[in-house]
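Take a look at the structure below.
Just so it is clear, none of the values below were taken in a lab; they were calculated from the coordinates. Because the structure is a prediction, the values reported are computed rather than measured. Counting neighbours? That spans all protein chains shown, and the Cβs are built from the backbone with ideal geometry, glycine included.
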Amino acid sequence: MSQSPYINSLQWGEMDVEGVGPGKDFIVYPGGAEPWDWNRSGTSHEAGIQPADVQTLLDHGATHVVLSTGQNERLSVSIGAREALDAAGVWYEVLPTPKGVETYNALADSEAVGGLFHSTC
């Protein structure tokens, strides 16, 4: 199992991910991370996190997933994304970003954890 990178810091509008550096939003998974471009999947605050976003985590071997809803919990999670995780038998939590980062980092050493992290609203 490849270790999931730590999220080194979080502040409004910026995160720093081990091995990647600073950015706004991230997809983080066992063995790596990348900037999270909402335009690729149609994610938006109203439409929520989309199945294509969680599929990236599954494709990289995540067996535990943290979905962050933003600092002010304005990002929703689509029913399709939840159904994709349920169908894959993956444990997941939906949390405000600060709590999501804390939960993710606590699992990074011992689990194949992945997450979608939104650093603003």
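Observations, loosely collected:
- Label zone (Cys121, point 7 Å along Cα-to-C-beta; backbone nitrogen cut-off 13 Å) within segment 63-102: 70-76.
- Tensor-based shape of segment 1-64 (alpha-carbon gyration tensor, a/c under 1.5 rounded, otherwise prolate or oblate): oblate
- The radius of gyration of the Cα set in segment 30-77, together with its Dmax, comes out at 11.0, 30 angstrom.
- When the square roots of the Cα gyration tensor eigenvalues are ordered a ≥ b ≥ c, the ratio a/c for segment 7-118 is under 1.5, which makes its shape rounded.
- Among Tyr92, Tyr29, Tyr104: highest mean-square fluctuation, GNM of the chain, C-alpha pairs under 10 Å: Tyr92
- Extension gain for Trp12 to Asp59 (0.36 nm times residue separation, less C-alpha to C-alpha distance): 14.0 nm.
- With a cut-off of 14 Å between beta carbons, the residues surrounding Leu10 carry a summed charge of -3, where Lys and Arg count +1 and Asp and Glu -1.
- Among Ile49, Ile79, Ile27, residue whose mean-square fluctuation peaks in a GNM of the chain (springs only between Cα atoms under 10 Å): Ile79
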